[in-house]
Amino acid sequence: MEHCDIVIVGAGAAGIAAARSADEAGGKSILLVDSKQKMGGVLLQCAHHGFGPQLTGVEYVQKLLEQFPKEIKVMLGTTVVSVSSDRTMVLSSPSCGLQKIRFEQLILAAGCQEIPIGALPIGGTRPEGIYTAGQAQELVNICHKLPKGPSVILGSGDLGLIMAEQLSLEGVKVAAMIEQKAVCGGLARNQRCLETYHIPLLCSSTVTEVLGQEVLTAVKVSRSDTGEEQIIPCSSLLVAAGLRPDRSLLLGLGSPDWVHLCGNCRRVHPMVEAVTAEGKQAGAAACVRMKK
Ligand SMILES: Cc1cc2nc3c(=O)[nH]c(=O)nc-3n(C[C@H](O)[C@H](O)[C@H](O)COP(=O)(O)OP(=O)(O)OC[C@H]3O[C@@H](n4cnc5c(N)ncnc54)[C@H](O)[C@@H]3O)c2cc1C
């Protein structure tokens, strides 16, 4: 069975920073694994500026990867399927199939998951045209396809606002942004697009039903304060209802002292600098544990 001192799961900003810092701290036999084919995680789908703070997400990754140490083994297109308490893990990839690895220290940098429509109390069927905001972002920036307009966005946090701006720039009409709280959720700089593109923000409201059989035709929106309902015709619905840390690999393991969490799988961060800093700390901490 292959053995590594330090395995890092996730090659987003946190995982890349962790791998680099573990190497700088003198770590040997470091393995970085990601299920995607490229390093960068969510940054790869961020075409907007605001990272670091003047770069796009893609440019920020390029910077992080400058002079990436050759000694670090990187396995892309490889998913960590499970982690066991005896410090082994099972990896899966199309080229090697299932593979078991033994390790000493684990740095979990697996990012976060979006809350899907299935987790929300929204009635109706699930016709074509419903995406999470992150899926829509990937569709636009990586697959170069657009969701059909008009579009309704549920959730006015930064991710929802970024997608509202991007769809408007690409010529897809955003018919409304729906927010259950009394005020918009995102940063002021991201809220500007509502005015620029005349996007109505319906606060104290939520989507209660999606309408349409095979394809989405409209959503039903209800106000929580007055109970008033309205139907908004649309061909796509982007659900930007929040993100939650992805620690599914640790289920049933408790909090062993050989696991180090960093980035969005520790807690969801709005800014990438904090993620990178946490990754660095985790890499150094794993090396300190190795030496004990
Ligand atoms: C839409 C959006 C806009 C943002 N805008 C800004 C901004 O303007 N400015 C700013 O500073 N910050 C911004 N951020 C925040 C910041 O960019 C992110 O918080 C940060 O990039 C997250 O990095 P991460 O490494 O924690 O997670 P991720 O980038 O999500 O990386 C996690 C990686 O783990 C991999 N993975 C997960 N599970 C497994 C497994 N079992 N096996 C193998 N691999 C696995 C995934 O494939 C992924 O590549 C934004 C975030 C989002 C989502």
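Enumerate the residues in segment 221-238 having an amide nitrogen under 14 Å from the point lying 7 Å beyond the Cα of GLN213 toward its Cβ.
The answer is none, because no backbone nitrogen lies closer than 14 Å to the label point.
Of SER156, GLN135, ALA241, whose Cα points farthest to the positive end of the dipole of segment 116-241 (charges on the beta-carbon: +1 Lys, Arg; -1 Asp, Glu; origin at the Cα centre)?
Of the candidates, GLN135 comes out farthest on the positive side.
Compute the convex hull volume of the Cα atoms of segment 5-154, divide it by the residue count, and report the result per residue in Å³ as a whole number.
Details: hull volume 23.9 nm³, N = 150.
Value for segment 5-154: 159 Å³ per residue.
Relative to the present Cα-Cα distance, how much length would full extension add between GLU24 and GLU273 at 0.36 nm per residue of separation?
Full extension from GLU24 to GLU273 adds 87.8 nm.
Using just the helices of the chain, give the 222 nm mean residue ellipticity in deg cm²/dmol: DSSP H runs with n ≥ 4 each add -39,500 (n - 2.57), and the total is spread over all residues, rounded to 500.
Mean residue ellipticity, 222 nm, calculated: -7500 deg cm²/dmol.
If you place +1 on the Cβ of every Lys and Arg and -1 on the Cβ of every Asp and Glu, how big does the dipole about the Cα centre of the chain come out, in debye to the nearest 20? Mind dumping the intermediate values first?
Values: 27 positive and 27 negative charges, 135 e Å.
My answer is approximately 640 debye.
Please give the length that would be gained between GLN281 and SER204 if that part of the chain were fully extended, namely 0.36 nm times their separation in residues minus their C-alpha to C-alpha distance (nm, one decimal). Spell out each step's value before the answer.
Working: separation 77, 0.36 × 77 = 27.72 nm, distance 4.01 nm.
So the extension gain works out to 23.7 nm.
Per residue of segment 90-107, what does 6.51 cos²θ - 1.76 cosθ + 1.60 with θ = phi - 60° give for ³J(HN,Hα)? Whole Hz please, x for Gly and Pro, Karplus curve as stated.
10, 10, 9, 8, x, 7, 10, x, 8, 9, 10, 10, 9, 9, 9, 10, 10, 9
For a quick protection proxy, order the peptides 136-144, 149-157, 69-77, 28-36 by their average other-Cβ count within 10 Å, most packed first. Each step should come with its number before you reach the end.
Details: 136-144: 16.4, 149-157: 23.8, 69-77: 14.3, 28-36: 20.6.
Packing proxy ranking, top to bottom: 149-157, 28-36, 136-144, 69-77.
Percent relative contact order of the chain, based on C-alpha pairs within less than 8 angstrom and at least six residues apart? Please report the intermediate quantities before stating the final value.
On the way: 676 pairs, mean separation 71.2, N = 292.
With pairs under 8 Å counted, the relative contact order is 24 percent.
Based on the alpha carbons, how large is the Rg to Rh ratio for segment 1-60 when Rh follows Kirkwood?
On the way: Rg = 13.4 Å, Rh = 12.5 Å.
So for segment 1-60, dividing Rg by the Kirkwood Rh gives 1.07.
Could you state the angle between the C-alpha long axis of helix 158-169 and the longest principal axis of the C-alpha atoms of the chain, as a value from 0 to 90 degrees rounded to the nearest 10?
Result, in degrees: 60.
Within a Cβ distance under 9 Å of LEU31, other residues only, what is the Lys/Arg minus Asp/Glu net charge? Don't skip to the answer; put the middle values down first.
On the way: positive: LYS73; negative: GLU2, ASP5.
My count for the surroundings of LEU31 gives -1.
Lysines near LYS220 by alpha-carbon distance under 21 Å, same-chain residues fewer than 8 away left out - which ones?
LYS148, LYS173, LYS181
Of SER35, GLY57, GLN180, which is farthest on the positive side of the dipole of the chain, counting Cα position, with +1 on Lys and Arg Cβ, -1 on Asp and Glu Cβ, and the Cα centre as origin?
SER35
Between beta-carbons, use under 14 Å as the cut-off and find the net charge around THR125, counting Lys and Arg +1, Asp and Glu -1. Provide the component values of the computation, followed by the final result.
Numbers: positive: ARG126, LYS220; negative: GLU128, GLU209, GLU214.
The answer is -1.
Please work out the Kirkwood hydrodynamic radius for segment 116-241, using every pair of different C-alpha atoms, and report it in angstroms with one decimal place.
Working: mean 1/r = 0.0705 Å⁻¹.
So the Kirkwood estimate lands at 14.2 Å.
For THR206, what charge total do you get from the other residues with a beta carbon under 13 Å from its beta carbon, if Lys and Arg give +1 and Asp and Glu give -1?
Working: positive: LYS181, LYS220, ARG223; negative: GLU179, GLU209, ASP225, GLU228, GLU229.
Every neighbour counted, the sum reads -2.
Let me spell out the model: positive unit charges on the Cβ of Lys and Arg, negative unit charges on the Cβ of Asp and Glu, origin at the Cα centre of segment 116-241. What dipole size does that give, in debye rounded to 20? Could the numbers behind the result be given before it?
Numbers: 9 positive and 12 negative charges, 25 e Å.
With only Lys, Arg, Asp and Glu charged at Cβ, the dipole is about 120 debye.
What base-10 log of the normalised intensity I(q)/I(0) is obtained for the chain from the Debye formula, alpha carbons as equal point scatterers, at q = 0.16 Å⁻¹?
Per q value, in the given order, log10 I(q)/I(0) is -1.17.
Quick check: residue separation of THR88 and THR125 times 0.36 nm, minus the Cα distance between them. What number comes out in nm?
Numbers: separation 37, 0.36 × 37 = 13.32 nm, distance 4.19 nm.
My answer for the length gained is 9.1 nm.
With springs connecting C-alpha atoms under 10 Å apart, model the chain as a Gaussian network and identify which of ILE178, ILE115, ILE107 has the largest mean-square fluctuation.
Residue with maximal mean-square fluctuation among ILE178, ILE115, ILE107: ILE115.
Lysines within cross-link reach of LYS36: Cα-Cα under 26 Å, excluding same-chain residues under 8 positions apart?
Output for LYS36: LYS28, LYS63, LYS70, LYS73, LYS100, LYS145, LYS280.
None of the figures in this text is laboratory data; all of them are computed from the coordinates on show. Note that the coordinates shown come from a computational prediction; the quantities given were computed from them, not determined experimentally. All Cβ positions, glycine included, derive from the backbone under ideal geometry; neighbour counts span all protein chains shown.
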